[in-house]
1. What share of the DSSP beta bridges in the chain is antiparallel, in percent to the nearest 5?
2. Consider all pairwise Cα distances in segment 89-214 and report the whole-number % of them above 17 Å.
3. Taking the Cα centre of segment 277-385 as the origin, how large is its charge dipole in debye, to the nearest 20, when only Lys and Arg (+1) and Asp and Glu (-1) carry charge on their Cβ atoms?
4. Taking the Cα centre of segment 149-220 as origin and charging only Cβ (+1 Lys, Arg; -1 Asp, Glu), how large is the dipole, in debye to the nearest 20?
5. Find, to one decimal place in angstroms, the Kirkwood hydrodynamic radius of segment 235-385, where the mean of 1/r is taken over every pair of different Cα atoms and then inverted.
6. Fewest first, what order do Ser186, Ser157 take by the number of other Cβ atoms within 10 Å?
7. Give the residue from Val185, Val330, His150 lying farthest towards the positive end of the charge dipole for the chain; charges sit on Cβ (+1 for Lys and Arg, -1 for Asp and Glu) and the dipole is referred to the Cα centre.
8. Let a ≥ b ≥ c be the square roots of the eigenvalues of the Cα gyration tensor of segment 148-253; is it rounded (a/c under 1.5), or, if not, prolate (a/b larger than b/c) or oblate?
Amino acid sequence: MSKRKICVVVTARPSYSRIRSALEAIKANPNLELQLVVAASALLDRYGNAVQSIERDGFEIAARVYMVVEGENLVTSAKSTGLGLVELATVFDNLKPDAVVTIADRYETLATAVAASYMNIPVVHIQGGEVTGSIDEKVRHAATKLSNLHLVATKLSAERVIRLGEDKNTVVVTGCPSIDIAATVSASPALDFDPFTKYGGLGPSADLSQGYLVVMQHPVTTEYEKARRQVEETLYAVRDSKVPVLWFWPNVDAGSDGTSKGIRVFREMEQPDNFHLFRNMFPEDFLRLLTNSTAIVGNSSVALRECSFLGVPAVNIGSRQQGRERGQNVIDVDHDRDAIVAAIQEHMKRGHPNPDHLYGDGRAGIRIADCLVSTQFKIEKMLTY
């Protein structure tokens, strides 16, 4: 049997972390050939330059797609989606994959699924069936309807995909591949590197031995005009925590200019002595940083996924993760500095919760690769209708 060509499109820093173990399993499987496409913000330095991590991990990149239109607003998000559709269609025509893998719920996910679908290439969707706030949920469900194979993280997600009208035989609960990295870190959780020396960033170094906060806050696309005000509430709340704050820059979404400007103005006006800003870290380093933190604050899905598995306290702010399954590690609050401070203090009293395997057991990547081999006949049959 000839190898089946699997084209995986990685478009952002978090997308790579979510799919890396599956990339490794696809690459190692004798029946599969990995075609890795890196696109959008994954190629841009100001959003973490995830391509450096990809190359460091030894993956060969089949194509690079520059598709981000400057501006970070609703218009540029729509235009970036259109540009991605045009460019990815050319890439797929050149690579001629047997299946295309698209990840989660970003606008690039939609561009990938539309391009492949119109070219009669089977689409495999990772992390479908989840419920959240903002435009992401619409994109996720649209990608589900464009996909032929659904590899979901939880049983509830599988039920939702089936309720959307998908054949239950095309839905497989693999767990979330991002948990695979978390499982590796949980076996060796010590913070064995100096983040300030290794990754630079902006702001003073700090003694992390007495606790620290990790902050990741992205703009909410349906509330993008409020992004600056929302991030200001978080900035003042974590400043008043009196512990070191390690802050990571936001994703490239509508409103990210407002979020970034809020951070820059806050630094200039308040000159906090407990803030340090990073653009990116290698996945294992980032998860070790989280494992040893006092809590994660913001609205990233990592707080609900990996941090649930690792038992890291999380303060989830606002509507971005509304409806997503969560463990006992999460306290939900509005964009209100007093509520954020109270939640941080409550976590400090409680300490770290027990790990929760809600999103998987650490073997999702292998299951995904196995599905890509074993479901070949079903996908080909779908294309004959």
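1. Of the beta bridges lying entirely in the chain, close to 0 percent run antiparallel.
2. Value for segment 89-214 (Cα pairs over 17 Å): 65 percent.
3. Computed charge dipole of segment 277-385: roughly 200 debye.
4. So the magnitude is around 300 debye.
5. 17.6 Å
6. Exposure proxy ranking, most exposed first: Ser186, Ser157.
7. Of the candidates, His150 comes out farthest on the positive side.
8. Oblate shape, in that a/c is at least 1.5 and b/c is the bigger or equal ratio.
Every number in this text was worked out from the coordinates using simple rules, so none of it is lab data. As the structure is a prediction and not an experimental result, all values here were calculated from the model. Every residue, glycine as well, gets a Cβ built from its backbone with ideal geometry; the counts of neighbours run over all protein chains shown.
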